[in-house]
Structure formats: structure tokens, C-alpha cells
């Protein structure tokens, strides 16, 4: 149950919204109740304190690789995570040409989803399990995560002239 938001992305695909605003508006229109809804993915984006060790390691490695690519002058190249081994789990950073991956959907294999559509199979669990292993809690100060304050050192400007976006 998805709602077309009326906008499209750079590739012309409809931007889909979730069911929450649709149902909330129906409640208001049909029943006259006030409402508030929240998008659950915001909670996931803001939940660094419960990220797995694997997730944190890969996120830092991807950021570092992206900076290294940029400083090396690589253009239209994305860092990617390559799964080198399943057992034991190991991975490395590779690269992909933007033209090879932009606007390309990679679907979850059908055999990862249970027949009723509400769960994952053992095959999916085996693939996903290494991604959620380990804890990597950030340091805390006064009961809150103590995040790093960046120095914001800018790199030397590379373009001779600006451009409009």
C-alpha cells in the first residue's frame, strides 16, 4: 500500500510515500479526528547507537573510500562493498562506474522471502546475519552519545569556475 507523492526522481520514477499519511488523512476526513504520524525510517536513520559493528565498520570504510576516490580525481565512480567470503564473513571495498549502477534495481532474491510474504527464509538469514553481528556503541557523556565535532577542513578548490545545478 504505497502512495504516489506526485513527484519523480532524476530517472522519471514516481516518488512513493508510505501508507501512514494516507491512512492519517483518511482518519481526519472520514472521522474528523486530529492525528500525528511518524515515518519509521527516521528512527532507523537516527539510531546510530544501535548500529552493528559490521555496519559501522562498513559505513566508515565507504566514507573513507569516497573521499579517497574524490581526492584521486575519480569521477562518476562509487565505492561498493564486495562480499569476499560468506563463511567466515569477509568483505572489501571495490568500485563501480556510476553509469553501471545508476537507475538499476537489484531485487531481493525471491527465495529470501517466505511463501506468506511476511518473513525471511533461512537462506536470507544466513546472508543477512553477518551484517548485524557485533556491537559498536558510541561513547556516551552525561547520558547522551558523545559525537565527534568535525574540524571542517576544506580541500583545495578543483574547479576553475562555478556551475549551476
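Some observations on this one:
- Which numbered condition residue 124 fails, given (1) over 19 Å from the mean Cα position of the chain (by Cα); (2) assigned by TED's automatic domain parsing to the domain that holds residue 90; (3) free of Cβ contacts under 8 Å to residues at least 40 places away in the same chain: (1)
- Identity of the residue in the range 133-165, in contact with a helix residue (DSSP H, G or I) (Cβ under 9 Å, 6 or more places away or on another chain) and outside any loop (DSSP other than H, G, I, E, B), that ends up farthest from residue 50 (Cα to Cα): 140
- Meets criteria (surrounded by 10 or more Cβ atoms within 10 Å (Cβ to Cβ), touching a strand residue (DSSP E or B) at 6+ places or on another chain (Cβ under 6 Å) and modelled with pLDDT of 90 or more) for residue 55: no
- Among the residues of this structure, residue 130 counts as one that is closer than 28 Å to residue 79 by Cα, in contact (Cβ under 8 Å) with a residue 12 or more places away in the chain and not in a loop (DSSP other than H, G, I, E, B).
- Residue 3 meets the conditions (1) farther than 30 Å from residue 144 by Cα; (2) at pLDDT 75 or above; (3) surrounded by 11 or more Cβ atoms within 10 Å (Cβ to Cβ) in every case but one. The failed one is (2).
- Of the listed requirements (1) farther than 19 Å from residue 59 by Cα; (2) surrounded by 12 or more Cβ atoms within 10 Å (Cβ to Cβ); (3) in contact (Cβ under 8 Å) with a residue 40 or more places away in the chain, residue 103 misses just one: (2).
- Residue identified as modelled with pLDDT of 95 or more and on the phi > 0 side of the Ramachandran plot among 152, 142: 142
- When the range 6-36 is limited to residues that are farther than 26 Å from residue 105 by Cα and exposed (fewer than 10 other Cβ atoms within 10 Å of the Cβ), the one that is modelled with the lowest pLDDT turns out to be 36.
- Within the range 71-90, residues that are on the phi > 0 side of the Ramachandran plot reach partners that are assigned to a strand (DSSP E or B) with beta carbons closer than 9 Å, at six or more positions or on different chains, in the pairs 76/97.
- All strands (runs of 3 or more DSSP E) inside the range 14-101 with 3 or more residues being assigned by TED's automatic domain parsing to the domain that holds residue 140 and touching a helix residue (DSSP H, G or I) at 6+ places or on another chain (Cβ under 9 Å): 77-85, 90-97
The values are calculated or read from the model by the stated rules, or taken from the named source; none is laboratory data. Predicted model, so just to flag it, every value in this text is computed and none were measured. With ideal geometry, Cβ positions are generated from the backbone for all residues, glycine too; neighbour counts draw on all protein chains shown.
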